[in-house]
1. May I ask you to verify whether Arg68 is closer than 19 Å to Cys41 by Cα, in contact with a strand residue (DSSP E or B) (Cβ under 9 Å, 6 or more places away or on another chain), without any contact (Cβ under 8 Å) to a residue 24 or more places away in the chain and not in a loop (DSSP other than H, G, I, E, B)?
2. Of the conditions (1) surrounded by fewer than 19 Cβ atoms within 10 Å (Cβ to Cβ); (2) part of a loop (DSSP other than H, G, I, E, B); (3) not aromatic (Phe, Trp, Tyr), Asn48 fails just one. Which one is it?
3. Counting only residues that are free of Cβ contacts under 8 Å to residues at least 24 places away in the same chain, more than 11 Å from the chain's Cα centre (by Cα) and under 16 Å from Leu119 (Cα atoms), how many does the stretch 85-102 have?
4. Go through the stretch 50-89 residue by residue and tally those that are at pLDDT below 95 and among the β-branched types (Val, Ile, Thr).
5. Taking the stated definitions as given, is Leu119 surrounded by 14 or more Cβ atoms within 10 Å (Cβ to Cβ) and not in a strand (DSSP E or B)?
6. I'd like the full set of residues that are of a type in the set (Asp, Glu) and either touching a strand residue (DSSP E or B) at 6+ places or on another chain (Cβ under 8 Å) or in a strand (DSSP E or B) (or both), limited to the stretch 73-110.
7. In the stretch 51-84, what residues are aliphatic (A, V, I, L, M), surrounded by 12 or more Cβ atoms within 10 Å (Cβ to Cβ) and within 16 Å of Trp113 (Cβ to Cβ)?
Amino acid sequence: MTVMQRHRRAATLAAALLLAAAAPGGGAAAADLLMFEEAGCVWCTRWNTEIGAAYPFTEEGRRAPLIRRDISDGPPDGVRLAGRAVFTPTFVLVDAGEEVGRIEGYPGEDFFWPMLGMLLERLPPPRPGPNG
């Protein structure tokens with residue numbers, strides 16, 4: 001990652017933190033992003049380093065909160081996947097207990113965000129929160 005990319009990411013994180021602190025309560029999350037991982041996964045570690053800390057403070061993280069799962073544990077109760085997760089990390093967008101789509105592996109932050117954005121476009125519009 002270049003110095004400019006690091007500065008851009010830091011500025012984005014700072015802005016996200018400020019917006020999250022000032023927000024009067026956004027839309028209610030209807031979806032979750034399952035992250036299937038395992039100990040020793042270097043790509044999981046890279047995702048954690050590049051994205052993990054900032055994810056909950058992003059628009060994407062508020063729309064689809066992250067739920068971490070060990071790949072050997074399978075999905076949470078009540079969640080139906082199109083198929084089992086084979087690679088780590090595997091990110092599965094779930095809405096109302098049904099798989100919407102997935103990202104297998106971690107392609108780097110420059111590709112992860114647009115790929116996640118395309119998955120999120122498949123969701124129905126966000127529901128208004130308690131403050132409208």
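1. On the way: closer than 19 Å to Cys41 by Cα: yes; in contact with a strand residue (DSSP E or B) (Cβ under 9 Å, 6 or more places away or on another chain): yes; without any contact (Cβ under 8 Å) to a residue 24 or more places away in the chain: no; not in a loop (DSSP other than H, G, I, E, B): yes.
The answer is no for Arg68.
2. Going through (1) surrounded by fewer than 19 Cβ atoms within 10 Å (Cβ to Cβ); (2) part of a loop (DSSP other than H, G, I, E, B); (3) not aromatic (Phe, Trp, Tyr) one by one, Asn48 breaks only (2).
3. Summing the residues that are free of Cβ contacts under 8 Å to residues at least 24 places away in the same chain, more than 11 Å from the chain's Cα centre (by Cα) and under 16 Å from Leu119 (Cα atoms) in the stretch 85-102 gives 4.
4. Residues that pass the stated criteria total 0.
5. Numbers: surrounded by 14 or more Cβ atoms within 10 Å (Cβ to Cβ): yes; not in a strand (DSSP E or B): yes.
Criteria met by Leu119.
6. Residues satisfying the conditions are Asp95, Glu98, Glu99, Glu104.
7. Within the stretch 51-84, the subset aliphatic (A, V, I, L, M) is 51, 53-54, 64, 66-67, 71, 79, 81-82.
Filter once more, so that each one left must be surrounded by 12 or more Cβ atoms within 10 Å (Cβ to Cβ): 51, 54, 64, 66-67, 71, 79, 81.
Of everything in the stretch 51-84, those that are aliphatic (A, V, I, L, M), surrounded by 12 or more Cβ atoms within 10 Å (Cβ to Cβ) and within 16 Å of Trp113 (Cβ to Cβ) turn out to be Ile51, Ala54, Ala64, Leu66.
The values are calculated or read from the model by the stated rules, or taken from the named source; none is laboratory data. These numbers were taken from a predicted model, which means no experiment stands behind them. Ideal geometry is used to build each Cβ from the backbone, glycine not excepted, and the neighbour counts take in all protein chains shown.
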